[in-house]
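The next block holds one structure in the form of structure tokens; read it before the comments.
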Amino acid sequence: MSAQKIRKGDKVVVLSGKDKGRTGEVMRAMPKDMKVIVSGVNVAVRHRKASQANPQGGLERKEAPMHVSNVAIADPKTGKPTRVRFEMAKDGKKVRVATRSGEKIDG
């Protein structure tokens with residue numbers, strides 16, 4: 001079992017692209033595709049024709065997946081982007097630690 005550096009529910013900072021500098025929460029992580037969906041970031045707009053399911057039609061806004069290398073975990077102390085390292089906790093569990101501040105990210 002390999003641990004993921006970025007998981008669902010993490011607060012992340014966007015490092016590149018049109019939303020650079022924005023922060024959001026990871027709604028979905030797709031480790032096989034190396035992509036994440038972040039709330040309120042990388043929003044794609046589709047023009048939808050009216051249908052039975054959606055009689056009004058119009059614009060449909062939806063967060064699109066983005067590559068994991070374009071986001072970094074927000075440091076729990078400062079909120080700035082940080083890298084992640086793994087350490088063994090006292091109870092023998094593997095925990096994620098923010099490299100910038102040394103703060104534990106989970107548990």
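At a glance:
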read-out	value
Complete set of residues in the stretch 80-94 that are at pLDDT 90 or above and open to solvent by less than 40 Å² (accessible area, probe 1.4 Å)	Thr82, Val84
Close pairs (6 angstrom Cβ cut-off, 6 or more residues apart or separate chains): without any contact (Cβ under 8 Å) to a residue 40 or more places away in the chain in the stretch 31-44, of a type in the set (Ser, Thr, Tyr) anywhere	none
Output for the stretch 56-69, where each listed residue is in contact (Cβ under 8 Å) with a residue 24 or more places away in the chain and either in a strand (DSSP E or B) or among the basic types (Lys, Arg) (or both)	Glu63, Met66, His67
Options Lys32, Lys18, Lys8, Lys62: the member that is open to solvent by 60 Å² or more (accessible area, probe 1.4 Å), charged (D, E, K, R) and under 20 Å from Ala98 (Cβ atoms)	Lys8
Residue count for the stretch 65-79, restricted to those that are surrounded by 13 or more Cβ atoms within 10 Å (Cβ to Cβ) and over 11 Å from the mean Cα position of the chain (by Cα)	2
So Glu25, is it under 26 Å from Arg100 (Cβ atoms) and not basic (Lys, Arg)	yes
Criterion: in a loop (DSSP other than H, G, I, E, B) and of a type outside the set (Phe, Trp, Tyr) - qualifying residue of Ala72, Ala53, Ala44	Ala53
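Residue-wise test of (1) basic (Lys, Arg); (2) modelled with pLDDT under 95; (3) within 26 Å of Lys77 (Cα to Cα).
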| site | (1), (2), (3) |
| --- | --- |
| Val13 | no, no, yes |
| Lys20 | yes, no, yes |
| Gly24 | no, no, yes |
| Val38 | no, no, yes |
| Ser51 | no, yes, no |
| Gly57 | no, yes, no |
| Ala64 | no, no, no |
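The values are calculated or read from the model by the stated rules, or taken from the named source; none is laboratory data. The model shown is predicted, which means the values in this text are computed figures rather than measured ones. We place every Cβ from the backbone using ideal geometry, glycine too, and count neighbours over all the protein chains shown. The area values use the complete protein model at the heavy-atom level, side chains included, leaving out ligands, DNA and RNA. Shrake-Rupley method; radii C 1.70, N 1.55, O 1.52, S 1.80 Å.
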